[in-house]
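No lab work stands behind these numbers, since they all come straight from the coordinates. Quantities reported herein were computed from a predicted structural model and do not represent experimental measurements. Note that we place each Cβ from the backbone using ideal geometry, even for glycine, and neighbour counts take in every protein chain shown.
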Amino acid sequence: MIALIGELRRPDLLTSLVERNRDRFNFILSQYQDQHQLLDPYLEKILESLLSIIKDDDCPENVKHNTFKYLFIIMSVKTYKRIVTYLPHEVVDLLPVLRMLEKQDSNDVETWETRYVLLVWLSIISKIPFPLSRLETSENVDPEQTIIVRYLLMLLIKGKLEQSFIER
């Protein structure tokens, strides 16, 4: 599985090979669906490899989207509640996650896994008690562009998503 994750970093990889690798990754993990605890000894290394790609500013967006698809596959086997504990969740992680989430196009059906994982990640970061005013880097910011406002909008969007899941 680590080899398949390593292949993600190759931006020149053909789309068919990316999809084949993702299908192979999905097949391997689906074998653990009934006994997902067998993945536990390897989970930290797998997630560490995936998160290093996501945090790499030099990685193209399509590589990051594919990485989020791998994360979603893991979440479907281990449940998001288990995986979220492995995601970095410190105050310094809020801005990068928020920025990644803001870049997302909510109408893009190809990247819904990215939005899902980012919202799950944001949900764990939002539970950290800290003053949001600490995040403001400048006092000359339009009040509608402050981090606090952007953060609250993300929480509002997340609330609407949760409500739509409940209604279904």
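Classify the stretch 1-72: rounded, prolate or oblate, from the alpha-carbon gyration tensor (a ≥ b ≥ c, eigenvalue square roots; a/c under 1.5 rounded; otherwise prolate if a/b is larger than b/c)? It comes out oblate by the Cα gyration axes. Remark: the stretch 1-86 carries a charge dipole of roughly 220 debye about the Cα centre, counting +1 on each Lys and Arg Cβ and -1 on each Asp and Glu Cβ. For the peptides 63-69, 45-51, 102-108, residues were scored by their other Cβ atoms within 10 Å and the scores averaged per peptide; the highest-first order is 63-69, 45-51, 102-108.
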